[in-house]
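Engineer: Okay, handing you the structure first.
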Amino acid sequence: MKKYFGAKELGCIALIMLLATMVQIWGSQKSLDIRLYYTAADAKSFFAELSPAETAAYIRHELFDLAFIGTYSLLFFFWLQRLFPQKKLFVALGFVPGLLDFIETTSILGVLLQGLQEPPLWLGTVTFLKWFGSICVLVLLIFGGLRRAKN
């Protein structure tokens, strides 16, 4: 059976688990990041309802999220590189969800740190595109894994 996990992949998975634990302990229980989509009005209402303590927790959450984004992007890259060594475009697609997530997270941090009353109108769209891109990468990984297992 061909190797699916090397030291790099296992290291990324371990770091993802550690970061998820840290977010659960020190992060926010409220998050726009986990929603599939939201409107600008939803985002504005969400931010307006945060207490100072919730805002501080959400800032911590987003800082952990930056590390999470880098880690899952590397994991996608390593897996796609392993499954599609000759397909540079497929490998590069592994970074698209992370790039969109980075835009989302830094925008949310900007709103939280600057106390903006109006979050960017496009924030919910970027969140949706992040999730859509993640699903596309996961489908590509499943396809690649099945193709590799067949051979």
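Engineer: Are any of the residues in segment 107-119 in contact with a Pro (Cβ under 8 Å, 6 or more places away or on another chain) and more than 27 Å from F77 (Cβ to Cβ)?
Structural biologist: Checking segment 107-119: at least one residue is in contact with a Pro (Cβ under 8 Å, 6 or more places away or on another chain) and more than 27 Å from F77 (Cβ to Cβ).
Engineer: Determine, yes or no, whether A41 is out of contact with any His (no Cβ under 8 Å at 6 or more places or on another chain), surrounded by fewer than 16 Cβ atoms within 10 Å (Cβ to Cβ), part of a helix (DSSP H, G or I) and not hydroxyl-bearing (S, T, Y).
Structural biologist: yes
Engineer: Looking at segment 57-65, is at least one residue touching a helix residue (DSSP H, G or I) at 6+ places or on another chain (Cβ under 8 Å), outside any helix (DSSP H, G or I), surrounded by 17 or more Cβ atoms within 10 Å (Cβ to Cβ) and not basic (K, R)?
Structural biologist: Checked against the condition, which is being touching a helix residue (DSSP H, G or I) at 6+ places or on another chain (Cβ under 8 Å), outside any helix (DSSP H, G or I), surrounded by 17 or more Cβ atoms within 10 Å (Cβ to Cβ) and not basic (K, R), segment 57-65 yields no hits at all.
Engineer: Shifting gears a bit: Which members of segment 107-142 meet the condition of being part of a helix (DSSP H, G or I) and without any contact (Cβ under 8 Å) to a residue 12 or more places away in the chain?
Structural biologist: G110, Q114, F132, I135, L138, V139, I142
Engineer: Anything in segment 84-104 that is of a type outside the set (D, E, K, R), buried (at least 21 other Cβ atoms within 10 Å of the Cβ) and part of a helix (DSSP H, G or I)? List them, or say none.
Structural biologist: The answer is P97, G98, L100.
Engineer: Enumerate the pairs (first residue in segment 48-68 and under 19 Å from Q117 (Cα atoms); second residue anywhere and among the basic types (K, R)) with beta-carbon separation below 9 Å, excluding pairs fewer than 6 apart on the same chain, so at least 6 apart or on different chains.
Structural biologist: E49/K30; L50/K30; E54/K30; A57/K30; Y58/K30
Engineer: Still on this structure, I have one more. Tell me the residue from F84, F90, F95, F78 that is without any contact (Cβ under 8 Å) to a residue 60 or more places away in the chain and out of contact with any Leu (no Cβ under 6 Å at 6 or more places or on another chain), please.
Structural biologist: Unique residue meeting the criteria: F95.
Engineer: Exactly one of (1) more than 19 Å from L63 (Cβ to Cβ); (2) surrounded by 16 or more Cβ atoms within 10 Å (Cβ to Cβ) is unmet by F132. Its number?
Structural biologist: Of the numbered conditions (1) more than 19 Å from L63 (Cβ to Cβ); (2) surrounded by 16 or more Cβ atoms within 10 Å (Cβ to Cβ), the odd one out for F132 is (2).
Engineer: Separate question: Out of curiosity, is I25 out of contact with any helix residue (DSSP H, G or I) (no Cβ under 7 Å at 6 or more places or on another chain) and part of a loop (DSSP other than H, G, I, E, B)?
Structural biologist: no
Bear in mind that the values in this text are calculations on the coordinates, not laboratory data. Treat the numbers as computed from the prediction; the structure is a model and nothing was measured. Here the Cβ is made from the backbone with ideal geometry for all residues, glycine too, and neighbour counts use every protein chain on show.
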